[in-house]
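Data block below; observations after.
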Ligand SMILES: Nc1ncnc2c1ncn2[C@@H]1O[C@H](COP(=O)(O)OP(=O)(O)OP(=O)(O)O)[C@@H](O)[C@H]1O
């Protein structure tokens, strides 16, 4: 019998995957990097934030993903207020509800690809779901590498595995910080197409920081971060 795995069921989300309200981040009491930034990332939306080096893209992503606390304003993930949560609750929220893709993959080198993919579910205390992990690995093109260690893989396959890991817990939100920064143009296109397809199929919100206009062009919408403020980038139709 052939078992066909459907896309993972998701409840209809009324709240956006991510809501930033008047988020401000000031370093050292003087250096304001984010200045009252508001942004909604609905489920099923791939949103890019572009900006020059040092404009605050990583700061924005870190505040959005509960890795850092804003100085002011509010962050909500799937209608859960993140701002003001204690570290233990924020860790639980990150493990269960947020997926991460970094420029340098950040796979655990001593674990196999399969163990890396299983890690988010394990950390979130969820039951192991081998059918889901197998489906995820096939969908992201890393099934043939499951027994290998990340260091044995080409860069593009490492990033595919990192994308798989980011979606493993069926998160509300995926954040990607320069996910193509270590890849050549063809590899970057491959990874971006994969991320876009997974957002379209599985409907988390995805917030990507990038300095690369070609990467941003794969998003549903793009914003520029300048002087601490976000402005929509209009694209030609
Ligand atoms: N922990 C910190 N303490 C003090 N200043 C910081 C800290 N983190 C970042 N900054 C400063 O905030 C500004 C924005 O940094 P951030 O890394 O968010 O920008 P970015 O757009 O992601 O840059 P890049 O593209 O070069 O990674 C920079 O001037 C940086 O030096």
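The residues of region 202-215 that are farther than 16 Å from residue 77 by Cβ and more than 13 Å from the ligand (Cβ to nearest atom), listed by number, are 202, 213, 214. From the list 123, 153, 146, exactly one residue is surrounded by fewer than 21 Cβ atoms within 10 Å (Cβ to Cβ), modelled with pLDDT under 95 and touching a helix residue (DSSP H, G or I) at 6+ places or on another chain (Cβ under 7 Å). Which is it? Unique residue meeting the criteria: 123. Each residue in region 25-41 was checked for being surrounded by 16 or more Cβ atoms within 10 Å (Cβ to Cβ) and more than 13 Å from the ligand (Cβ to nearest atom), and 2 of them qualify. Of the residues 168, 203, 176, only one is surrounded by fewer than 21 Cβ atoms within 10 Å (Cβ to Cβ) and under 25 Å from residue 80 (Cβ atoms); which? Criteria check complete, one pass: 203. When you check residue 224 against the structure, is it in contact with a strand residue (DSSP E or B) (Cβ under 8 Å, 6 or more places away or on another chain) and either at pLDDT 95 or above or over 28 Å from residue 80 (Cα atoms) (or both), yes or no? Yes; evaluated as a whole, the condition is true for this residue.
Restricted to region 138-178, and to residues that are in a loop (DSSP other than H, G, I, E, B), more than 16 Å from residue 109 (Cβ to Cβ) and away from the ligand (no atom under 16 Å from the Cβ), which residue is farthest from the chain's Cα centre (by Cα)? Outline the logic, then answer.
The initial filter retains those residues of region 138-178 that are in a loop (DSSP other than H, G, I, E, B), namely 140-142, 146-149, 153-154, 168-172, 178.
Those still in the list that are more than 16 Å from residue 109 (Cβ to Cβ) too: 140-141, 168-172, 178.
Going one step further and asking which of them are away from the ligand (no atom under 16 Å from the Cβ), we end up with 140-141, 168-172.
Numbers: 140: 15, 141: 18, 168: 12, 169: 12, 170: 11, 171: 9, 172: 10 Å.
Going through the qualifying residues, I end up with 141.
The values are calculated or read from the model by the stated rules, or taken from the named source; none is laboratory data. Please read these numbers as outputs of a predicted model, since none were measured by experiment. No Cβ is skipped: glycine too gets one built from the backbone with ideal geometry, and neighbour counts run over all protein chains shown.
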